[in-house]
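Q: Input: one structure, supplied below.
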2 protein chains.
Amino acid sequence: MSDAHAARRERLREYCSASGADAALITRAANVRYLTGCPPLGAALLLTRDRAVLAAPEGAEPEEGGERQADPEVTRLPVPAEADAASAAAEAAARLRVRDLAVEEHDLTVARHRTVARLAGTARLLDLDRAVERLRVVKDEYEIADLRIAAEIADQALGELLESILVGRTERHLAMELERRMIDHGADRAAFPVSVGTGSHSGLEQHQPTDRRVEEGDFLTVALGARYRGYGISTARTFVIGAAPAAWQVELHRLVFHAQRAGREALGPGVEQHVPDDAARSILQAAGHAEHSVHALGHGIGLENREAPRLGPADMGKLDNRVPVTVGPGVHLPGRGGVRIEDTLVVRPPEEGGPELLTITTKELLAL
Amino acid sequence: MSDAHAARRERLREYCSASGADAALITRAANVRYLTGCPPLGAALLLTRDRAVLAAPEGAEPEEGGERQADPEVTRLPVPAEADAASAAAEAAARLRVRDLAVEEHDLTVARHRTVARLAGTARLLDLDRAVERLRVVKDEYEIADLRIAAEIADQALGELLESILVGRTERHLAMELERRMIDHGADRAAFPVSVGTGSHSGLEQHQPTDRRVEEGDFLTVALGARYRGYGISTARTFVIGAAPAAWQVELHRLVFHAQRAGREALGPGVEQHVPDDAARSILQAAGHAEHSVHALGHGIGLENREAPRLGPADMGKLDNRVPVTVGPGVHLPGRGGVRIEDTLVVRPPEEGGPELLTITTKELLAL
């Protein structure tokens with residue numbers, strides 16, 4: 001893997017050269033990880049034309065799921081515990097006589113930027129902006145392999161939960177059980193706090209589990225994601241509790257199912273980012289649920305839970321091959337509940353079979 | 001409680017007036033919570049001489065453990081999902097013709113600061129620095145009551161774990177069980193990921209639980225904290241597994257126990273911050289463990305896991321009454337393991353009985 005990291009650093013060097021910077025200071029955790037593979041928390045990377053210096057707190061362990069083998073091209077610069085790694089990297093830039101240092105202005109606070117400017121000697125600070133985030137959009141097959149495993153872990157945990165008794169258990173307990181099962185199956189950790197919403201809490205995009213217990217006749221929405229070697233996925237399903245779903249439940253579930261399928265089927269290289277959202281949203285709107293579905297359809301996912309590209313109604317860029325995205329429409333009827341169905345997929349061209357579905361748990365309306 | 005929040009805002013207004021700002025924009029989550037009690041994630045507070053405007057994402061739920069009743073003096077400004085609340089608050093500042101707006105330069109990124117400056121109309125941006133953090137150092141009795149409950153929750157979870165069979169279980173499982181038990185006992189959530197280290201992993205300050213199983217003869221270090229209504233505590237204990245601790249284990253545990261007691265007993269209003277660390281460290285040094293104990297003795301704790309004041313060897317300020325701090329020395333012998341013992345206490349004067357111990361689980365060397 002250290003070859004892949006070296007290749008990523010090389011692409012960033014090319015970007016820096018083209019934009020007039022002779023070095024870059026990377027502070028955003030996901031970006032440091034992308035470029036080095038094994039950063040402890042709080043690390044910062046100084047990348048010059050011929051060096052890669054990783055400033056990291058002394059004695060710190062690698063991040064969860066991080067690789068422990070050393071990357072031969074990366075020099076470690078130990079930083080005393082509680083000191084700022086970006087400051088140490090800035091001092092290294094001064095020693096290396098960096099002239100134009102590109103920094104991540106969307107990550108550095110104003111106060112930290114001031115300190116970096118002071119310590120970087122005669123270097124002039126430029127804005128690297130989201131250059132590394134842009135490199136991260138298209139994934140290589142190593143990254144996609146990790147995403148597949150993350151999806152498998154979430155599917156396993158969800159599958160086991162569906163075989164257990166749910167009535168009478170609280171949202172909080174179900175959420176914790178899913179989290180525990182994902183870790184049992186090898187996840188670094190949950191990609192985000194598991195959301196379990198039952199009854200009137202179902203169908204919400206981000207619901208914090210409460211002490212409400214699952215009851216007969218409830219919709220139950222579960223949203224979960226595993227993180228494996230740093231890479232996370234996200235999935236959501238909605239089920240009904242008890243043998244006989246009500247007519248409105250069957251109808252609403254079918255509607256969201258169709259909208260989600262339309263969104264998935266619209267994915268492809270070269271497709272404008274708003275097109276999958278349009279496809280899903282028009283189905284929900286035609287059924288009169290425009291105001292019950294406010295969020296963007298989905299977003300990129302990988303080292304961060306939400307990354308580029310966004311799949312919202314106003315997003316104009318084009319999708320690329322090998323970009324993992326979520327597709328997760330939902331309808332929530334205040335006071336009654338609702339349905340959310342979300343998958344993580346990888347954009348692939350039609351000749352490779354179209355979008356690759358990573359989260360394969362059934363999307364049928366199971367009556368549990 | 002909204003009276004207490006109003007009083008806190010009034011103190012911040014006085015600080016702003018004195019420093020020449022007619023308004024403050026608060027973006028740091030713990031600070032927004034301190035001043036309003038009920039912010040959803042991503043909220044920002046604009047505080048002018050006569051108004052408090054809370055910009056918050058539409059439909060967002062309050063943070064875990066947040067209060068749900070409205071504060072009559074706080075106006076809510078709904079912000080579209082995915083938009084930046086700080087930008088909305090900056091636009092409100094422009095409408096209210098703010099002239100000098102103090103912002104949190106240690107929290108705002110350079111990119112967000114630029115957007116705020118652009119949207120704030122003719123307002124000039126100043127640095128509020130850590131003014132709210134400084135207000136937060138001394139806690140009121142409401143806050144200390146929440147901290148007491150958080151400590152009780154962690155003690156209960158730990159007590160239950162000690163009654164169960166530990167040999168053969170993995171660090172990860174024990175950590176997850178502690179987290180679950182804290183939530184069962186009413187915690188909002190764990191204040192930080194529970195750390196369980198056994199055998200050669202024991203005695204480390206921040207150890208990520210692994211799949212290593214507890215074995216006879218191991219030291220077992222557990223570090224945990226509960227968060228209750230936003231307020232967190234931190235505690236650590238080290239036990240030995242099996243009936244007969246080795247002589248080196250008894251000796252090392254006794255040493256850290258004495259160092260920790262010396263640190264606790266040195267706490268008091270008016271005491272310089274480095275004094276408790278000196279007291280503990282000199283005992284470890286006299287026993288030849290200078291290089292095995294690198295961290296500061298402790299730090300303030302409350303809405304954030306680490307807040308002012310820090311109790312390190314070079315910290316020169318003085319402790320105040322009613323400041324909750326951690327006291328947690330440790331010794332780790334690479335390859336063998338070690339001992340950490342940490343409490344959360346509230347600084348109190350001798351006439352009130354001295355430091356108030358919140359985390360009351362025994363610090364004896366239990367053989368489990």
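The values are calculated or read from the model by the stated rules, or taken from the named source; none is laboratory data. Predicted, not measured: the structure shown is a model, and the values here were computed from it. Neighbour counts run over all protein chains shown; Cβ positions are idealised from the backbone, glycine included.
Q: Within region B:202-222, count every residue that is in contact with a Phe, Trp or Tyr (Cβ under 6 Å, 6 or more places away or on another chain) and part of a loop (DSSP other than H, G, I, E, B).
A: Of all residues in region B:202-222, those in contact with a Phe, Trp or Tyr (Cβ under 6 Å, 6 or more places away or on another chain) come to B:202, B:220.
Now narrow it down to the ones that are part of a loop (DSSP other than H, G, I, E, B): B:202.
Result for region B:202-222: 1.
Q: Let me ask something else. Name the residue that is surrounded by the fewest Cβ atoms within 10 Å (Cβ to Cβ), counting only residues in region A:106-115 that are facing chain B (nearest Cβ under 10 Å) and in contact with a helix residue (DSSP H, G or I) (Cβ under 9 Å, 6 or more places away or on another chain).
A: A:HIS106
Q: Among the residues of region B:91-115 satisfying the criterion of being over 29 Å from the mean Cα position of the chain (by Cα) and not charged (D, E, K, R), which is nearest to A:ARG130 (Cα to Cα)?
A: So in region B:91-115, the residues over 29 Å from the mean Cα position of the chain (by Cα) come out as B:91-100, B:114-115.
Then keep just the ones that are not charged (D, E, K, R); that gives B:92-94, B:96, B:98, B:115.
Details: B:ALA92: 28, B:ALA93: 28, B:ALA94: 29, B:LEU96: 33, B:VAL98: 32, B:THR115: 16 Å.
Going through the qualifying residues, I end up with B:THR115.
Q: Check A:ALA102, A:ALA131 and return the single one that is farther than 30 Å from B:ARG310 by Cβ and touching a Leu at 6+ places or on another chain (Cβ under 6 Å).
A: Residue meeting the stated conditions: A:ALA102.
Q: Among A:ALA259, A:ALA190, which is in contact with a Leu (Cβ under 6 Å, 6 or more places away or on another chain) and either more than 14 Å from chain B (Cβ to nearest Cβ) or on the phi < 0 side of the Ramachandran plot (or both)?
A: The match here is A:ALA259.
Q: With the structure loaded, tell me whether B:ARG172 is part of a helix (DSSP H, G or I) and without any contact (Cβ under 8 Å) to a residue 24 or more places away in the chain or whether it fails that test.
A: Working: part of a helix (DSSP H, G or I): yes; without any contact (Cβ under 8 Å) to a residue 24 or more places away in the chain: no.
Judged against the criteria, B:ARG172 is not a match.
Q: Considering only region A:263-285, state which residues are among the aliphatic types (A, V, I, L, M) and without any contact (Cβ under 8 Å) to a residue 40 or more places away in the chain.
A: If the condition is that a residue be among the aliphatic types (A, V, I, L, M) and without any contact (Cβ under 8 Å) to a residue 40 or more places away in the chain, then A:ALA266, A:VAL275, A:ALA279, A:ILE283 are the ones that fit.
Matching residues to (1) over 13 Å from B:SER234 (Cα atoms); (2) more than 14 Å from chain A (Cβ to nearest Cβ):
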| position | (1), (2) |
| --- | --- |
| B:LEU311 | yes, no |
| B:MET316 | yes, yes |
| B:LEU319 | yes, yes |
| B:PRO324 | no, yes |
| B:GLY330 | yes, no |
| B:GLY337 | yes, yes |
| B:GLU342 | no, yes |
| B:ARG348 | yes, yes |
| B:PRO355 | yes, yes |
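Let's see how each residue does on (1) over 23 Å from B:ASP188 (Cβ atoms); (2) among the acidic types (Asp, Glu); (3) not in a strand (DSSP E or B):
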residue	(1), (2), (3)
A:ARG180	no, no, yes
A:PRO193	no, no, yes
A:GLU251	yes, yes, yes
A:ARG254	yes, no, yes
A:PHE257	yes, no, yes
A:GLY263	yes, no, yes
A:ILE283	yes, no, yes
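Q: Got a sec? Which of A:ASP129, A:ASP140, A:ASP184 is within 12 Å of chain B (Cβ to nearest Cβ), in contact with a Lys or Arg (Cβ under 9 Å, 6 or more places away or on another chain) and closer than 28 Å to A:ARG229 by Cα?
A: Just a single option satisfies the conditions, and that option is A:ASP184.
Q: Also, I was wondering about something else. Which of the following residues is small (Gly, Ala, Ser) and within 14 Å of chain A (Cβ to nearest Cβ): B:ALA83, B:ALA151?
A: After ruling out the rest, the residue left standing is B:ALA83.
Q: Follow-up. Where in region A:286-349 are the strands (runs of 3 or more DSSP E), entirely inside, with at least 2 residues that are buried (at least 23 other Cβ atoms within 10 Å of the Cβ) and in contact (Cβ under 8 Å) with a residue 40 or more places away in the chain?
A: A:298-300, A:324-327, A:330-333, A:337-340, A:343-346
Q: Looking at (1) out of contact with any Asp or Glu (no Cβ under 8 Å at 6 or more places or on another chain); (2) on the phi > 0 side of the Ramachandran plot, which one does B:GLY337 not meet, given that it meets all the others?
A: Going through (1) out of contact with any Asp or Glu (no Cβ under 8 Å at 6 or more places or on another chain); (2) on the phi > 0 side of the Ramachandran plot one by one, B:GLY337 breaks only (1).
Q: A follow-up question, please. Condition first: at pLDDT 95 or above and among the polar types (S, T, N, Q). Now tell me which residues in region A:33-56 satisfy that.
A: A:THR48
One line per residue, one yes/no per condition, for (1) surrounded by 24 or more Cβ atoms within 10 Å (Cβ to Cβ); (2) hydrophobic (A, V, I, L, M, F, W, C); (3) over 20 Å from the mean Cα position of the chain (by Cα); (4) closer than 29 Å to B:GLU177 by Cβ:
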residue: B:GLU215; (1), (2), (3), (4): no, no, yes, yes
residue: B:TYR231; (1), (2), (3), (4): yes, no, no, yes
residue: B:VAL250; (1), (2), (3), (4): no, yes, yes, yes
residue: B:VAL275; (1), (2), (3), (4): no, yes, yes, no
